[in-house]
1. At B:Asn344 and B:Arg239, where each label point lies 7 Å from the Cα along Cα→Cβ, what is the point-to-point distance in nanometres?
2. Using Cα pairs under 8 angstrom and six or more residues apart, how large is the relative contact order of segment B:176-306, in percent?
3. Give, as a single signed number, the net charge of other residues whose beta carbon lies under 15 Å from the beta carbon of A:Tyr34, with Lys and Arg counted +1 and Asp and Glu -1.
4. Share of segment B:7-67's accessible area from carbon and sulfur, percent, 1.4 Å?
5. Could you compute the FRET efficiency for A:Glu3 and A:Glu138, with r as their C-beta to C-beta distance and R0 at 30 Å, rounded to 0.05?
6. Peptide B:3-9: average number of partner chain Cβ atoms within 10 Å per residue?
7. Using a Förster radius of 45 Å, what is the FRET efficiency between B:Ala39 and B:Cys307 based on their Cβ-Cβ separation? Nearest 0.05, please.
8. Enter the accessible area of A:His180 (Å², nearest 10), with the probe set to 1.4 Å and all protein chains included.
Amino acid sequence: MLEKYTDAELLKRYREGDEVAFREIVDRYKNSLYSFLRRFLNRQDLVEDVFQETFLQLFASRESFDVDRPLRPWLFTIAANKAKDALRKMQRHSSMSLGAIADSGDVTVDDVVNILSSYKTTPSDEVTKDETARRVREIIAEMPENLRGILILAYFEQFSYKHMAEILSIPIGTVKSRLHTAVMHFTKKWNAANREPR
Amino acid sequence: MGSLSKEDKDIILDFYFRCGDEETINRGRDLVASNPEAAILYARLEETLTQLDSIKYEPCPDNLVELTVARLKLAASSGQTQLAALLELERQKGEGLGEFETEPTETEDEDAAVLTSSKWAFSENFFKLSSLAAVILITAGIAWPTLRNVRQAAWRITCSRHLNTLGAGLVRYAADNEDAIPYAAGTGGSQWARIGEQGSITSSPFLLLKGNYADAEDFICPGHSGATAMKCGTEELARLQDFASRANFSYSFRVLCENSDRRLSVVRGPILVDMSPVFQPLCTKSSAGPIELNEDLLNCCSNNHGCRGQNVLFTDGSVKFMKVRLLGDDDIFTIRDVKIYFGNESPRDPQDIFLP
């Protein structure tokens, strides 16, 4: 019934006391938010905590939230910030390396093209799908946090540069160079995992 | 890629990710369609990044949605104060990663932790913890089936209260026994894995039950699946040397070095902790072979609280919830440099804390 309403209309209804409207918002974004967090955090307990905190934050901001502002990027901004906080706190108190922040300042699109041209990136036929998935998960998990975040937002969530800049609070130029760095990083690591230079 | 300008390459990347504006995406589409080099670059991008699709899409579990909605309803019905409390709880949970969740004591420096009766403000702690537990339990009662986190928080608090009570029992025991901590002879090199026999891992804390320093229920963490408080009459209790099974004791008791000083005022650091996740096969199955540590065994926390951490009773009387099993660089569940356990090991170094 509420499916035809826009996010803004749902938020207005919720502000007026309609709890079902909020449930519709949760249903609308639960899967994309959850899959983003699963890929970004790779730890179920943190995923669940951040998922809940994100919607709690929306609840806390319901009176002040500008309903004309797109909700999806806002939710991802909150989720990304809380996820980064969770990782940093874990990093502070854990001996395990969670990946440093990578500097993406010097990477140009030419570097990306060169890297892509240098490697054979398809795994051999003997590698099973499960093994491929395991290798990819490993590379993503070990990626520096800022590169992992941008790759997931761009590839899986298909946010625009503008929205990614909002979500990550960085200029659009930095979004682009960071995405280039992330592609380079993944290509190099993927090649190393498969060890088959072109 | 010689004929492609830097701008062309940028456009192809924008087109691939669909990140640019509509005009750029359309230009990228045209470029790939008309320029073979652009098509090759696009194909290489796809060839590489399509590997990402091997990570399966995972939909959000229903119970997480229910839990989230229940918490929001709870927050809405309880007003801003409740919400602020929930958010504060979440904040503290986050900050507590790897740290202790209870209030820090003045004895954070473990070296300074010397047990004195005056430090054990049990009545006060009991009152505070009971009040807190009551608030959380009432809150959980509103939406019990879905408020898993709240329920776990309540269990942690109850567990913490039980450890406080056991700590009080330890003090009274020590006061009656020349400052000695409970020690069933043979704890050091004997088979601590043989539950039911003197010298087992549970026979030392069993002395607290036997001597009426604590009740059978105090040895049970509510998060310990399958646990049951030991039930037996006074006469039978007097005859026994140990709990009947591991299910009667939800915690792990410290194994000290052989011949070490066992006075409560001398022993420092943890003395009781939520049950070790490492050695239960040794303690529950007589046929279990030696335990060899592996990555999983080295990284998991106690199962009592969903592998999210463990309550620890320190000899200074404090109870703290640790989200990791390391104290400094010391793993409290294993002996340093020992990888294979037969159930009779004890640490060689007094600084090496071991709670199997």
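The values are calculated or read from the model by the stated rules, or taken from the named source; none is laboratory data. It should be emphasised that the depicted structure is a prediction, and the values quoted were computed from it without experimental measurement. So basically every Cβ, Gly included, is an ideal-geometry build from the backbone, and we count neighbours across all protein chains shown. Just the protein is used for accessible areas: all its heavy atoms, side chains included, with ligands, DNA and RNA removed. Shrake-Rupley method; radii C 1.70, N 1.55, O 1.52, S 1.80 Å.
1. About 2.9 nm separates the two model spin labels.
2. On the way: 193 pairs, mean separation 34.1, N = 131.
With pairs under 8 Å counted, the relative contact order is 26 percent.
3. On the way: positive: A:Arg28, A:Lys30, A:Arg38, A:Arg39, A:Arg43, A:Arg72, A:Lys82, B:Lys56; negative: A:Asp27, A:Asp45, A:Glu48, A:Asp49, A:Glu53, A:Glu157, B:Glu58, B:Asp62, B:Glu66.
Result for the local shell: -1.
4. Numbers: 1410 of 2980 Å².
Ligands and nucleic acids excluded, carbon and sulfur reach 47 percent.
5. Details: r = 38 Å, r/R0 = 1.28.
With a Förster radius of 30 Å, E is 0.20.
6. Details: counts 0, 3, 1, 4, 1, 1, 6.
Taking the mean over all residues of the peptide, I get 2.
7. Working: r = 50 Å, r/R0 = 1.11.
In this case the efficiency is close to 0.35.
8. In the full protein context, A:His180 sits at about 10 Å².
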